[in-house]
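A short write-up of the structure that comes next.
The values are calculated or read from the model by the stated rules, or taken from the named source; none is laboratory data. As the structure is a computational prediction, the values presented were derived from the model and not from experiment. Every residue, glycine among them, receives a Cβ derived from its backbone with ideal geometry; neighbour counts consider all protein chains shown.
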Amino acid sequence: MTEDILRITGGRPLHGEITVQGAKNSALPLMAAALLCDGETVLHRVPQLLDVYAASRILNRLGCRCTAEGNTVTIRHTNAESSEIPDADMRTMRSSIMFLGPILGRMRCCTLTMPGGCELGPRPIDLHLDAMRQMGVQIRDDGGKIVCRADLLHGARIHLPLPSVGVTENVIMAAVGAAGETVLTNAAREPEITDLAAFLNQCGAKIEGAGESTVVIEGGRKLTGTEYSVMPDRIAAMTYLCAGAAAGGSVCVSGAAPQDLESCLNVLKAAGCRIGTGSGRIFLDRTGGLRNVRYIRTMPYPGFPTDAQALISAVLCTANGTSVIDETIFDSRYKHVGALLRMGADIRTIGRTAVITGVSRLHGASVEATDLRGGAAMAIAALQAEGESEIRQLHHLDRGYEHFAEIFHSLGGSVQRCRFSAKEREKQSPCA
Ligand code: EPZ
């Protein structure tokens, strides 16, 4: 049994340019949406991630032939043989729920179980199921299996009680296969929604208003697979910018979409970073001290993204002064704070609020990633800490970041991914 760990020696500024990966949270719904299309779909700029491999396994189980060559995924639609997703596949990630809409849109029936994903507090799927019921889907629980069936999947006027990203995506994908028009109000406005609609429209769908609060979908149109390039990953881009902000130096992220990161860039500027943008590039320069950011509130897009909350909290640990963060999207998204405290941070969490009082320096520590963005926050903190840190449970990071260690290494950070056998673990042998 081997274990991979990240060994990071902090205290060195980062310098250089990296190209950001394609967006995990767009590639996954796009792969699911390919179910709705006849023929062949080719997706470029798909990051090589555990969640992508999981989505590929689900597509193959549903009767598609999904193959990957580097960052290109090809999905050939046969006659999908199954409308059931096994529990083991559902548990691998939250995005497995993204198959509900397209399976119903294509086959009018679907059997699945509760999805897995990062532990961020309860992550129910009630809004997904309510929306499907409004489109004519009967849903029953059969010993833990959720059995969905629609004699007639029809368009509806659906108002979401909250702008859920996943529910917005599922409604769009089901509505494309439904009879008649669907009007979705209080829809999520994230760029990943716009990317999904652009892909489906390129396949022959008619979706208007994606990226706004009201989306109108005309159902019943025949869709044919297409070739499409996934949008850049805005949260991965923010991750590398936050590393530059924390460690100091100058970092350029290319292949990015600065317009998707407005609220994030504003916070980095408030923290004392110099930011420049142009032709798909984001430049960050931090040579002076970090300043506190008095108040950050995570909000649905275009507000400050919840996925960047752990990342910015790692930056603000050594800012001059106190910063307050309110996490309004998830109940329990401060699991990474324990690791930052081990590194010498001064953070107090009360419910959904974190109060970060800047300290002069962090020090290295041995920590375990708790979830995808929490693990990234630990690496950001380790890069600015004095001395050596170790991060374990790297599978969390491998779900969402491609070439994580290599990217930091290319920016001059001392980041090594080491593999230990159980025996070596005891001897703590050095990284290869
Ligand atoms: C998507 O998750 C992202 N995941 C998350 O990114 C992101 O944090 C989240 O949107 C918010 O932006 C993917 O796109 C794969 P939601 P999703 O439905 O769709 C509640 C990452 O790190 N809710 O917008 O699951 C829910 O509990 C991940 O890349 C219900 O109550 O998020 C949460 O409090 C983490 N019932 C709120 O809505 C439901 O049926 C927003 O969740 C569905 C959601």
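Taking the conditions exactly as written (in the same structural domain as Val167 (by TED's automatic domain parsing) and under 29 Å from Thr78 (Cα atoms)), does Gly211 satisfy them or not? Outline the logic, then answer.
Working: in the same structural domain as Val167 (by TED's automatic domain parsing): yes; under 29 Å from Thr78 (Cα atoms): no.
No, not satisfied.
Within region 250-273, does at least one residue satisfy the condition of being under 19 Å from Ile356 (Cα atoms) and among the polar types (S, T, N, Q)?
Kept after step one, since they are under 19 Å from Ile356 (Cα atoms), are these residues of region 250-273: 264, 266-273.
Adding the requirement that they be among the polar types (S, T, N, Q) leaves 266.
Checked against the condition, which is being under 19 Å from Ile356 (Cα atoms) and among the polar types (S, T, N, Q), region 250-273 yields at least one hit.
Select from region 329-347 the residues that are under 26 Å from Pro300 (Cβ atoms) and away from the ligand (no atom under 16 Å from the Cβ) and write down the one among them that is surrounded by the most Cβ atoms within 10 Å (Cβ to Cβ).
At the first step, the residues of region 329-347 found to be under 26 Å from Pro300 (Cβ atoms) are 329-337, 340, 347.
Still in the list and also away from the ligand (no atom under 16 Å from the Cβ): 337, 340, 347.
Details: Val337: 22, Leu340: 29, Ile347: 20.
Checked region 329-347; the qualifying residue surrounded by the most Cβ atoms within 10 Å (Cβ to Cβ) is Leu340.
Being within 16 Å of the ligand (Cβ to nearest atom) and crowded, with 21+ Cβ neighbours inside 10 Å is the filter here, so list the residues in region 316-328 that pass it.
From region 316-328, those within 16 Å of the ligand (Cβ to nearest atom) are 325-328; that's our starting set.
Across region 316-328, the qualifying residues are Ile325, Glu327.
What is the residue count in region 149-166 for residues that are under 24 Å from Ala188 (Cα atoms), more than 8 Å from the ligand (Cβ to nearest atom) and not in a loop (DSSP other than H, G, I, E, B)?
Taking region 149-166 first, the residues under 24 Å from Ala188 (Cα atoms) are 153-166.
Cutting the leftovers down to more than 8 Å from the ligand (Cβ to nearest atom) gives us 153-161.
So of that shortlist, the ones also not in a loop (DSSP other than H, G, I, E, B) come out as 154, 157-159.
Final tally of qualifying residues: 4.
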What tally of residues in region 74-110 results from selecting those that are more than 26 Å from Cys203 (Cα to Cα) and either part of a loop (DSSP other than H, G, I, E, B) or not charged (D, E, K, R) (or both)?
6
Consider region 270-302. How many of its residues are loosely packed, with under 14 Cβ neighbours inside 10 Å and not in a strand (DSSP E or B)?
5
Unmet requirement for Glu181, which otherwise passes all of (1) more than 20 Å from Ala32 (Cα to Cα); (2) within 14 Å of the ligand (Cβ to nearest atom):
(2)
Residue list for region 125-154, restricted to those being over 29 Å from the mean Cα position of the chain (by Cα) and within 16 Å of Gly180 (Cα to Cα):
Gly136, Ala150, Asp151, Leu152, Leu153, His154
Just to verify a result, which residue in region 274-321, among those that are touching a helix residue (DSSP H, G or I) at 6+ places or on another chain (Cβ under 9 Å) and of a type in the set (Ser, Thr, Tyr), is nearest to Val359 (Cα to Cα)?
Thr318
If I filter region 200-218 for residues that are on the phi < 0 side of the Ramachandran plot, among the charged types (D, E, K, R), away from the ligand (no atom under 16 Å from the Cβ) and without any contact (Cβ under 8 Å) to a residue 12 or more places away in the chain, do I get at least one hit?
yes
Take Ala55 and tell me if it is at pLDDT 95 or above, over 30 Å from Leu411 (Cα atoms) and in a helix (DSSP H, G or I).
yes
Out of the residues in region 65-108 that are hydrophobic (A, V, I, L, M, F, W, C) and closer than 16 Å to Glu40 by Cβ, which is nearest to the ligand (Cβ to nearest atom)?
Val73
Does at least one position in region 116-129 carry a residue that is more than 13 Å from the ligand (Cβ to nearest atom), surrounded by fewer than 16 Cβ atoms within 10 Å (Cβ to Cβ) and over 19 Å from Leu160 (Cβ atoms)?
no
The one condition in (1) in a strand (DSSP E or B); (2) out of contact with any His (no Cβ under 7 Å at 6 or more places or on another chain) that Val415 fails to fulfil
(2)
So which of Ser389, Ser323, Ser360, Ser313 ends up being within 17 Å of Ala236 (Cα to Cα) and among the hydroxyl-bearing types (Ser, Thr, Tyr)?
Ser313
For region 94-122, enumerate the residues that are touching a Gly at 6+ places or on another chain (Cβ under 7 Å) and free of Cβ contacts under 8 Å to residues at least 40 places away in the same chain.
Thr113
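To keep it simple, each residue is scored yes or no on (1) within 23 Å of Leu316 (Cα to Cα); (2) of a type in the set (Lys, Arg).
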position	(1), (2)
Ala385	yes, no
Glu388	yes, no
His395	no, no
Tyr401	yes, no
Ala405	yes, no
His409	yes, no
Arg417	no, yes
Ala422	no, no
Inside region 350-406, the number of residues satisfying the requirement of being more than 16 Å from the ligand (Cβ to nearest atom) and part of a helix (DSSP H, G or I) is 6
